[in-house]
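What follows is a set of notes on a single structure, which appears directly below.
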Amino acid sequence: MIRSLLWPIKNKMSERDVLEKAGGGFSDIDELIGGTAAKSGIPDADRPDEDIVAGSQNAPSGFYTRTQERHDSGEMPLVLPPGQLVRPWPPEDQRADILLPYKRLRDFVMDFLNAHPDESFCFLDRGKLREKARILSRHFIPDDPRRKVAYAVKANPRNSIIHTLAEEGIGDFDCASIEEIKRVRKVCPDAWILFNNPVKSASAIRVASGMNVRHYTAQTPLEVQKISQNIWPPEEISNTEIVSRLKTSNDFAAIDLSSKFGAPPEEVVRMIRLIRDRIGATAGISIHAGTQNVSGQSFADAIRLMGEVAERAGGVDIFNVGGGIPVNYSSSDKYDFKDYVEVISRAINTYLVDVLKGRSGSKEQMIAIEPGRAIVAEAVDLIIPIMAVEEGDNPAVYFNDGIYTSFIDHAVHKWTYNFETMRKDGLPHRGRKKLYTLFGRTCDSGDTLGEVMLPEDIREGDYIWVSSAGAYMDSLANPFHDFKPPKYIIYN
Ligand SMILES: Cc1ncc(COP(=O)(O)O)c(C=O)c1O
């Protein structure tokens, strides 16, 4: 089983230490983590496609070391000596995360694709994750010690992402399921977990509270009661935070979450009184202004409404302003993460701080933000080989991915992606662009991405390149035909 990523956190070792250790001739992961993980009692990660041990700092360009693979079968993972090239790729039923010792994508991408010409890959740049984490630590946290950043795990739950964010000080996590909670607990055992799915089963609440989760969201008085009746052990209710989800306008968002979630203001006021005065838990309010919400003003308006509702309820101890910060999907998008963080931060100071202060007497006050998409999307490039090109009256391109794997949001939410192309030799196409129908790889005609402008010199073996592919694409993929999601190659 895979344990590698956990021990550097627990043992405060830098990744360089890990790499050096891996380069020191270890041939077996147990030898590499030898006793350290075992002694620390860190459980094995059970998401088999996760976790990285090491690459080599000295590997020549185009070489990479295989460090992890799927272990459903229980076989031992390998840590190969530095610079050893892994060919062929691990068997198809083994999804691997590979860590490459490079800083820039272009330093290795062609060698890599040439070695695996028919596969789709996601290239995750951890440097970009760190950049986002640092913006949050510099522009959101410092204003007020009560501020917290929780990464919304649903956006991309890979252990390597959770681990990198934790290294950068983003050590709290918004989870929506027991499986997400278990995953976070394994990578960051001491993380503060917010179980924020507004509707949950009684058993999920019991299991989560048994795992020391003390923060829950509800959107009706019945859900509040369900939480209060299922916290385990029951006396922990006085140490539990229950946050009421307020419906706010999602008019400027690509996906309207308020069409499903949130209660009107008067209901939220009732819930806060129930939570605080009858149940005896710590009360709060949460919002979500909708995912890929491009309007800074609408974040501010939602936060103002939250403050007003809190005032009517006699003050609360927790505010959670949700996620929703937009991402640049096409070259014409110019959304600046820092600008949105600052707008939200100012609105918090203007509308929330006074309503938070000492109103309900709790010592534990918190103002949380929980972005998902904006933290991970831009860190990943997805590169997909073209399997066939048909010219004639109905020009068509078939690529090695599709609606059922990385592009479910295209079908469900009509999400549009920016499709760039690259020739198989790594050069740009020169031809004029024309309309092709872009088809996915399954036997279902629903696996159609529609008409896309692509260069007329596009050929089988060339690539479609999708930037900003880190959010919700991997987490939504399904296994139709037993096709696997693209493997993750991790660098920087
Ligand atoms: C409660 C909650 N918090 C945070 C997020 C993350 O939102 P985003 O990815 O738009 O930042 C979501 C997304 O659905 C959510 O439901």
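Scoring 178-191, 407-420 by mean Cβ neighbours within 10 Å over their residues and listing the highest first yields 178-191, 407-420. Over all pairs of different C-alpha atoms, region 377-491 has a mean inverse distance whose reciprocal, the Kirkwood radius, equals 14.4 Å. Determine which residues of region 208-225 fall in the zone a paramagnetic label at Val199 would reach in this model, i.e. backbone nitrogen under 16 Å from the point 7 Å along Cα→Cβ. Zone members listed by number: 217-225. Using 0.36 nm per residue and subtracting the Cα-Cα separation, the extra length available between Ser259 and Ser332 on full extension is 23.4 nm. Multiplying the residue separation of Ser137 and Asp277 by 0.36 nm and subtracting their alpha-carbon distance yields 46.9 nm.
Rg and Dmax of region 111-270, both derived from C-alpha coordinates alone, stand at 18.3, 61 Å. Here the peptides 442-455, 278-291 are ranked by packing, the mean other Cβ count within 10 Å, and the order with the highest first is 278-291, 442-455.
Which residues does the label zone of Glu391 cover in region 435-472, counting backbone N under 18 Å from a point 7 Å along Cα→Cβ? It comes to 435-438, 453-463, nothing else.
Here the spin labels are modelled as points 7 Å beyond Cα on the Cα-Cβ line, and at Asp444 and His481 they lie 1.2 nm apart.
Scalar couplings 3J(HN,Hα) for region 459-466, obtained by applying the Karplus form with A = 6.51, B = -1.76, C = 1.60 to θ = phi - 60°, are 9, 3, x, 6, 10, 9, 10, 10 Hz; x denotes Gly and Pro. Rounded to the nearest angstrom and listed largest first, the equivalent-ellipsoid semi-axes of region 222-367 from its Cα gyration tensor are 29, 16, 13.
Taking other residues whose beta carbon is less than 15 angstrom from the beta carbon of Ala368, and scoring Lys, Arg as +1 and Asp, Glu as -1, yields -3. Computed over region 128-375, the Cα gyration tensor eigenvalues convert (square root of 5λ each) into semi-axes of 26, 21, 16 Å, ordered from largest to smallest. The slack in the chain from Asp339 to Arg304, taken as 0.36 nm per residue of separation less the alpha-carbon distance, amounts to 10.8 nm.
Peptides 108-120, 368-380 ordered by packing proxy, namely the average of other Cβ atoms within 10 Å per residue, highest first: 368-380, 108-120. Quarter the surface of the alpha carbon convex hull of region 280-338 and you get the mean projected area, 4.7 square nanometres.
Less than 5 angstrom separates the built amide H of Phe439 from those of Val397, Tyr398, Phe399, Leu449, all sequence-distant by 5 or more or on a different chain.
FYI, it's all coordinate maths here, none of it is from the lab. Keep in mind that this is a model prediction, so the values were computed, not measured. Positions of Cβ are backbone-derived with ideal geometry, glycine not excepted, and every protein chain shown enters the neighbour counts.
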